[in-house]
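One structure is given below, encoded as structure tokens.
The values are calculated or read from the model by the stated rules, or taken from the named source; none is laboratory data. Predicted, not measured: the structure shown is a model, and the values here were computed from it. Here the Cβ is made from the backbone with ideal geometry for all residues, glycine too, and neighbour counts use every protein chain on show. Ligands, DNA and RNA are stripped out before the accessible areas are found, and what is left, the full protein with its side chains, is counted by its heavy atoms. Shrake-Rupley method; radii C 1.70, N 1.55, O 1.52, S 1.80 Å.
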Amino acid sequence: MIAETVCSAVSAAGLGIAAVTAYRKRFLAAARIAAYSLVPLGLVMTGVVDWLADTAFSPTAWAGFGVLGLSWVLFATTRTVERRRGGTRKERKAARAEARPEAVAPAASAPSLGQGSRPAARPAPASRGEDDFSDIEAILKKHGI
């Protein structure tokens, strides 16, 4: 009963503010204020306010919210653990089976690694004393020092 009275008073005050705003030639703002002020009245008329009041003072409803919260925590925990492990049991079995490929072909006597390209040989350093300072000079020149 009190909730309906408060919602009606809030709606009436909002509509009054919307009327003053419209009088000041700010019609868009007045329409927006009127829309917001009609929401509490609509909630009272549809019965949502009664339902919320009944729910707020019902221990059974709060126990139900507790059960829903517990189920959500369990669901989130199991999803987190499942992601860390890498999926379902079937997915883990399939991944383990694929992770053990044989390095050697069944009929081969040596690993079947192809002949890779050899890296180019490094040029031999000229003289030790000059080479050290030339690198430093190149870095300083690069930075404009």
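Can you divide the C-alpha Rg of the stretch 19-90 by 2.2 N^0.38 Å and report the result to two decimal places?
Working: Rg = 23.0 Å, N = 72, 2.2 N^0.38 = 11.2 Å.
Ratio of Cα Rg to 2.2 N^0.38 Å: 2.06.
Share of the stretch 1-44's accessible area from carbon and sulfur, percent, 1.4 Å?
In the stretch 1-44, the share of accessible area belonging to carbon and sulfur is 76 percent.
Cα gyration tensor of the stretch 1-41, axes a ≥ b ≥ c as square roots of the eigenvalues: rounded (a/c below 1.5), prolate (a/b > b/c) or oblate?
Values: a/c = 5.95, a/b = 2.54, b/c = 2.34.
Judged from the Cα gyration tensor, the stretch 1-41 comes out prolate (a/c at least 1.5, a/b above b/c).
Cβ neighbours within 10 Å, averaged per peptide: list 16-22, 59-65 in order, most packed at the top. Intermediate results must be reported in sequence, preceding the final value.
Details: 16-22: 15.3, 59-65: 10.4.
Put in order of decreasing packing, that is 16-22, 59-65.
If the chain between Ala19 and Asp54 were fully stretched, how many nm would it gain, using 0.36 nm times the residue separation less the Cα-Cα distance? Don't jump to the answer; show the numbers that get you there.
Numbers: separation 35, 0.36 × 35 = 12.60 nm, distance 3.44 nm.
Full extension from Ala19 to Asp54 adds 9.2 nm.
Label-point separation (nm) for Ala138 and Val6, each offset 7 Å from Cα along Cα-to-Cβ?
Taking the two extended label points, one gets 7.8 nm.
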